[in-house]
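Report on the structure given below.
The values are calculated or read from the model by the stated rules, or taken from the named source; none is laboratory data. Predicted model, so just to flag it, every value in this text is computed and none were measured. Using ideal geometry, Cβ is built from the backbone for each residue, glycine included, and neighbour counts are taken over all protein chains shown.
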């Protein structure tokens, strides 16, 4: 998934912003007895479902991961062309970037999960009597927990959803608890693409770094929020800021790594480069807000923990 512009990255987050840990392991797809006994109708926000959905179409990679994590995988009949996890998700040519009501309706869904209302797709689907649940790009972990919980309610997997969010919270608490206390905060640069777009602390990904106690060098650049939390930095700015860490969320899309970073003009002298603190992230995990966010946080914390307090 491309990270070449902040607009595209934001779209990826809105549609989609590590080795599996306990919270990210795939839940059993076989409905439990409690799940089977779930009673309908159920209501989440303005959406009411009279019966359990059995042909769910997910046009959000994050929602797809959530659905499978809570055991609703067997009810998912199609996912968008960017949903690549888990591997057995029923991938299709449906687009979340440019959703097409006719193509979606062709899947005969009894629930469609979207991350934004591009092209007023919600109204279009509503006119076709197709229920829609929106999962906007998260800005906090609480947003992730809420969406997982609501998907659990809608799909008849409330108990499993509670288990997933409970494990996430427990794992994150343990990870953060073990962090060493520092008198001076370490700084970092999070890279979305080689064009040096980044994410500030006001974004979902930035909120994770804040939990680790890191200072984001991009924050002053978008202090007024005009860039929506995704400013483009300059080579000179990054070199002068001299971050302790460089986290690369463009390792898959753009083949960026410690060597390519070191080869950039003026970057060889960065503290992050000299101390081997350039960290390649999984692009997909770093742009989603599903259960695997714990795995992302673990990679960040493992890197930070290696620096003496």
Looking at 88, 93, 110, can you tell me which residue is over 18 Å from the mean Cα position of the chain (by Cα), assigned by TED's automatic domain parsing to the domain that holds residue 146, within 15 Å of residue 133 (Cβ to Cβ) and surrounded by fewer than 21 Cβ atoms within 10 Å (Cβ to Cβ)?
110
Sole miss for residue 179 among (1) modelled with pLDDT of 95 or more; (2) more than 17 Å from residue 290 (Cβ to Cβ) is condition (1)
Looking at (1) surrounded by 17 or more Cβ atoms within 10 Å (Cβ to Cβ); (2) more than 22 Å from the chain's Cα centre (by Cα), which is the one condition that is false for residue 268?
(1)
When both residues are 6+ apart or on different chains and their Cβ atoms are under 8 Å apart, which pairs have a first residue that lies in segment 242-259 and is at positive phi, and a second that is assigned to a loop (DSSP other than H, G, I, E, B) and modelled with pLDDT of 95 or more?
242/270
Provide a single number: the residues in segment 134-151 that are in contact with a helix residue (DSSP H, G or I) (Cβ under 6 Å, 6 or more places away or on another chain) and within 14 Å of residue 47 (Cα to Cα).
2
For residue 82: the one exception among (1) modelled with pLDDT under 95; (2) over 12 Å from residue 155 (Cα atoms)
(1)
Say whether the condition of being in contact with a helix residue (DSSP H, G or I) (Cβ under 7 Å, 6 or more places away or on another chain) and more than 30 Å from residue 48 (Cα to Cα) is met by at least one residue in segment 165-174.
yes
Members of segment 54-78 found to be more than 21 Å from residue 144 (Cα to Cα) and surrounded by 20 or more Cβ atoms within 10 Å (Cβ to Cβ), listed by number
78
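Here are 225, 193: which of them is at pLDDT below 95 and either surrounded by 22 or more Cβ atoms within 10 Å (Cβ to Cβ) or in the same structural domain as residue 251 (by TED's automatic domain parsing) (or both)? Please lay out each step first, then the result.
Values: 193 fails: at pLDDT below 95.
Testing whether each residue is at pLDDT below 95 and either surrounded by 22 or more Cβ atoms within 10 Å (Cβ to Cβ) or in the same structural domain as residue 251 (by TED's automatic domain parsing) (or both) leaves just 225.
Looking at segment 113-151, which of its residues are over 30 Å from residue 210 (Cβ atoms), surrounded by 17 or more Cβ atoms within 10 Å (Cβ to Cβ) and touching a strand residue (DSSP E or B) at 6+ places or on another chain (Cβ under 8 Å)? Walk me through how you get there before you give the answer.
The first filter runs over segment 113-151 and keeps only residues over 30 Å from residue 210 (Cβ atoms), leaving 119-132.
Among the residues that remain, those that are also surrounded by 17 or more Cβ atoms within 10 Å (Cβ to Cβ) are: 121-122, 124-125, 130-132.
Once the filter is applied, which keeps residues that are over 30 Å from residue 210 (Cβ atoms), surrounded by 17 or more Cβ atoms within 10 Å (Cβ to Cβ) and touching a strand residue (DSSP E or B) at 6+ places or on another chain (Cβ under 8 Å), segment 113-151 yields 121, 122, 125, 130, 131, 132.
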Identify the single condition in (1) in contact with a helix residue (DSSP H, G or I) (Cβ under 7 Å, 6 or more places away or on another chain); (2) in a helix (DSSP H, G or I); (3) modelled with pLDDT under 95 that residue 119 does not satisfy, given that it satisfies every other one.
(1)
Would segment 294-308 turn up any residue that is modelled with pLDDT of 95 or more, in the same structural domain as residue 207 (by TED's automatic domain parsing) and not in a helix (DSSP H, G or I)?
no
Whether any residue in segment 200-213 is in contact with a helix residue (DSSP H, G or I) (Cβ under 6 Å, 6 or more places away or on another chain), in a helix (DSSP H, G or I) and closer than 20 Å to residue 137 by Cα is what I want to check.
yes
